[in-house]
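The values are calculated or read from the model by the stated rules, or taken from the named source; none is laboratory data. The shown structure was predicted, so the numbers you read here are calculated from the model rather than taken from an experiment. FYI the Cβ positions are ideal-geometry reconstructions off the backbone, even for glycines, and counts take in every protein chain you see. The protein model used for the area step is the full one, side chains on, heavy atoms only, and it has no ligands, DNA or RNA in it. Shrake-Rupley method; radii C 1.70, N 1.55, O 1.52, S 1.80 Å.
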Amino acid sequence: MMNEKLQAQGTTKDEDHAGRIMVALDYSSADEAKLLLKELQGIPCYMKVGMQLFYAAGPSFVLYLKEQGYKVFLDLKMHDIPNTVKGGAESLTRLGVDMFNIHAAGGKLMLEAALEGVDKGLTSGKAERPLVIAVTQLTSTSQQMLNDEIGLTGTVEQAVLKYAQLAQAADLDGVVASPHEVLRIKQQLGSSFITVTPGIRPTGAAIGDQSRVMTPQEAFSQGTDYIVIGRPITAATDPRKALETILEELI
């Protein structure tokens, strides 16, 4: 059972930290993910479905999450020619996801095509408009990787800000960026430009394959809107206790 402090919280993004935490359902089957959902039942967090689970369980699992009352961030990081991304965005809109993302590296025409796909998907009258955000640089991207392997000059922060500016120019709702870039993004692009921040590790948690990390408290202090947490919850011996501990620290 959730403690009294958590039960007393509201359920909107402004009132409830749980609604601003995206739990990364990085599982290979719907059955595995449902076991976690059972553990977390009653905590109104956002659920993030990535490639592994979506490729295994498909759209039906997204529909299942919606039926359970969860908001869903579909993290597929689309990156293709504009027409293909437009079609993908239309399908995801009809599916009813609350948020999905595309790679800013695909360019402004591709980003704009995604919004055209959203508009087309809304013509059915059965879906609500999802938030569309752009991936800037993965939180596993180091300075050396950016310069020597990806081939971009400058710092990681400069690359992130450039892509964030491109996303805003294309009228997207926000970006995925590490917590280290949130403050600059908010300063330059405004507080209403949404930031979703992976690379979140509670105090004492292993960093794993991430390069640019912060604790949940640190990330929210930077002004981010949503944080993504995976293994510190999903790989915990007691996932519910792990999530409740994070929430208690944020109250």
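Test of understanding: what is the full-extension gain from Glu149 to Leu183, defined as 0.36 nm times their sequence separation minus their Cα-Cα distance? Walk me through the intermediate numbers first.
Values: separation 34, 0.36 × 34 = 12.24 nm, distance 2.65 nm.
Result: 9.6 nm gained on full extension.
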Rank Ala89, Ala30, Ala134 by mean-square fluctuation in a GNM of the chain with C-alpha springs under 10 angstrom and give only the top-ranked residue. Ala30
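Relative contact order for the chain: what percent, with Cα pairs under 8 Å and sequence separation of 6 or more?
Relative contact order of the chain: 17 percent.
For the chain, which whole-number percentage of the solvent-accessible area (1.4 Å probe, protein heavy atoms only) is attributable to carbon and sulfur atoms? Numbers along the way, then the final one.
Values: 5780 of 11560 Å².
Accessible surface attributable to carbon and sulfur in the chain totals 50 percent.
Rounded to the nearest 0.05, what FRET efficiency do Ser60 and Ser124 give with R0 = 30 Å and r taken as the Cβ-Cβ distance? Could you check?
Numbers: r = 18 Å, r/R0 = 0.61.
In this case the efficiency is close to 0.95.
With every protein chain present, what is the per residue accessible area of the range 117-234 (1.4 Å probe, Å²)?
Working: 5170 Å² over 118 residues.
That works out to 44 Å² for each residue.
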With DNA, RNA and ligands ignored, accessible area of Ser140 (1.4 Å probe; Å², nearest 10): 50 Å²
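Using just the helices of the chain, give the 222 nm mean residue ellipticity in deg cm²/dmol: DSSP H runs with n ≥ 4 each add -39,500 (n - 2.57), and the total is spread over all residues, rounded to 500. Working shown, then result.
Numbers: 11 runs with 105 residues, N = 251.
Rounded to the nearest 500, the figure is -12000 deg cm²/dmol.
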